[in-house]
Amino acid sequence: MSLRRLGFLSAALLTAATLTACSTEPVEADDPKPSATGTSAPSGAPGGAPDEEGLALADAIRKIPVAEEKRTGYERDSFKHWVDEDDDGCPTRQEVLLAEAVTAPEQGDRCTLSGGSWTSYYDEAEVTDAKKLDIDHMVPLAEAWDSGAHDWTPERREAYANDLDAERSLVAVTAKTNRSKADKDPAAWMPPAESATCTYLVDWTATKLRWNLSADETEQAALLELAEPCADSTVEYESAS
């Protein structure tokens, strides 16, 4: 069983207790977290001490290295997914769906899922059919490539694409919003629900820091501007090994 699934309940309790955010808002493009009004979940991997505890969102954004993007050579297949890392019969997609279900689905042979319900925090949509959900890479694969993953080994890119050890790296969201996002960074796309704004910025920033990914100047400027209403939001993350 994945660390993500084992840590889900404790992470959910930590979410409610440690972070307050602002109240503002399957074919996958590229690549839910519950987002209640007035709260935003912490980011980082459960099961270990975070590298940063309670780092203010703006300060966390400034910790992201600034560098030019590099798209040359990108292929989606450079990031192998979805894998069954723990050999329990459930690939990464199913692991995320099981962990994020509001109402648990029934699990059949080969980890087929039926029933259940989910909340897509990007658009506050309630979903009762897992086939209508995409698993979004918080920082899309192409954006990760641009921001440093072009220099990674295939093994590290696979680990990134299937990162179940951080609650915010992968999220179950409506296919509509995931495909609208595609490979865009926050300078070009933000979730349509105002209630998602601060949570999304925290999740994006934590993922970039966790994997030591860079941001270009346009992205950093957009992140800082968008984060202005999120003064109470904090970021926690644990660096990926």
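Things to note:
- Per-residue Karplus couplings for the range 87-97, computed as 6.51 cos²θ - 1.76 cosθ + 1.60 with θ equal to phi - 60°, are listed in order as 6, 9, x, 10, x, 3, 4, 5, 4, 5, 4 Hz, Gly and Pro entered as x.
- Ordering of 189-201, 65-77, 121-133 by packing [mean C-beta count within 10 Å, highest first]: 189-201, 121-133, 65-77
- Entries in 63/132; 63/181; 131/208; 181/208 that, when Cα-Cα distance is taken, lie over 26 Å: 63/132; 131/208
- Selection of chymotrypsin sites (Phe, Trp or Tyr not before Pro), the range 135-181, meeting DSSP coil and at most 13 other Cβ within 10 Å: none
- Kirkwood Rh (inverse of mean 1/r, distinct Cα pairs), the range 154-241, angstrom: 14.0
- Of the residues 234, 224, 127, the one whose Cα sits farthest towards the positive end of the charge dipole of the range 120-241 is 127 (charges of +1 on Lys and Arg Cβ, -1 on Asp and Glu Cβ, taken about the Cα centre).
Every number here is computed from the coordinates shown, using simple stated rules; none is lab data. Keep in mind that what you see is a predicted model, and the values were worked out from it rather than measured. When we count neighbours, we look across all protein chains shown, and the Cβ atoms used for this are built from the backbone with ideal geometry, even at glycine.
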